[in-house]
1. Please give me the summed charge of the neighbours of L85: other residues whose Cβ is under 15 Å from its Cβ, Lys and Arg +1, Asp and Glu -1.
2. Please report, in Å, the Rg and the Dmax of the range 52-197, where both are computed over Cα atoms only.
3. Apply the Karplus curve 6.51 cos²θ - 1.76 cosθ + 1.60, θ = phi - 60°, to the phi angles in the range 184-200 and return the couplings in whole Hz, x for Gly and Pro.
4. May I ask for the net charge around L161, where only other residues with Cβ less than 15 Å from the Cβ of L161 are counted and Lys, Arg are +1 while Asp, Glu are -1?
5. Which value, in debye to the nearest 20, gives the size of the charge dipole of the chain about its Cα centre, when Lys and Arg are +1 and Asp and Glu are -1 at the Cβ?
6. What part of the accessible area of the range 111-263, given as a whole %, is carbon or sulfur when the probe is 1.4 angstrom?
7. Taking every alpha carbon pair in the chain, what does the distance histogram look like in 10 angstrom bins from 0, in percent?
8. In Å², what does the accessible area per residue of the chain work out to with a 1.4 Å probe?
Amino acid sequence: MTDCRYYCMIQREERRQLGGLSPVKYHGKWPFKRVSVFQEPLSAALSALNLLTHFIGWLSFFLQVNYRLPLRPQTKRTYYEYTGLWHIYAILSLNAWFWSTIFHTRDIDLTEKMDYSSAVAQLGYSLILTLLRTFNVKDEAGRVMFAAPILAFVTTHILYLNFYELDYGWNMKVCVAMGVVHIVAWTTWAVVTHHPSRFKVWIVIFGGALAVLLEVYDFPPYKGYADAHSLWHASTIPLTYLWWTFVRDDAEFRTSTLVKKAK
């Protein structure tokens, strides 16, 4: 059924092209040219690169906080208060990019829902982590107060997408809204903080804002391969690399500050 739909779409697009007409979306998606089993080869490849970039960033962070920075002498745990939260962030990011790779390789109902659900879960958790770090929330009660309403909303939204209606337009609005809150929170933090690596946050904020425009202002795939969404995938690779360097810098900065206080 999927192959039949694909070849019918390609034939229709070829006739439209001969008639001088622009490409149109089918079932909410642009017509892409396949390469072997890959339905959207460029997006699939770039998703895999994002997955690899997150893994390398997480691994370097793990090695730094556990083996290169001092540990608390009594508990042998890290000084950095957000270590566990960044580990969860990494796991959700790896999961999101894994399903993005699978979905862009083979677009079926299951892979589509897993891709959208994983992306929303990662974005929602990232919003929680953003607020906890920018407001410097360290106590458990405060973290629960920040996290609970966002978790409730994100969970409800994921259930809505999976069991009621996979509304692309509504999902885009939700994701853009959470993205805007990210940008506002980190921008405010970067303005008021004296963090030595705040310039990295500025670069990621500016680059992320431009990347969001690629998701909002969509255009058909060039030569059947490169659309706005695939370019968004490309833009997130260097931003992800830079972001993990900031996380490592933040761990080192906070650890140094806490060690000095302990002395």
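1. Numbers: positive: R77, R133, K138, R143, R248, R254; negative: E81, D139, E140, D250.
Net local charge, L85 excluded: +2.
2. Cα-based Rg and Dmax for the range 52-197 come out at 17.2, 52 Å.
3. Using θ = phi - 60°, the values come out as 5, 5, 6, 5, 4, 4, 5, 6, 8, 7, 10, 4, x, 10, 5, 5, 5 Hz.
4. Numbers: positive: K113, K173; negative: D109, E112, D115, E165, D167.
Around L161, the charge tally is -3.
5. Details: 26 positive and 19 negative charges, 183 e Å.
Value, rounded to 20: 880 debye.
6. Values: 5610 of 7940 Å².
That share works out to 71 percent.
7. In whole percents, the pair-distance histogram is 6, 26, 33, 20, 10, 4, 1, 0.
8. Details: 14460 Å² over 263 residues.
Accessible area per residue, the chain: 55 Å².
The values are calculated or read from the model by the stated rules, or taken from the named source; none is laboratory data. Treat the numbers as computed from the prediction; the structure is a model and nothing was measured. Glycine gets a Cβ as well: all are built from the backbone with ideal geometry, and neighbour counts include every protein chain shown. Just so you know, the surface numbers come from the protein's heavy atoms only, side chains and all, with ligands and any DNA or RNA stripped out. Shrake-Rupley method; radii C 1.70, N 1.55, O 1.52, S 1.80 Å.
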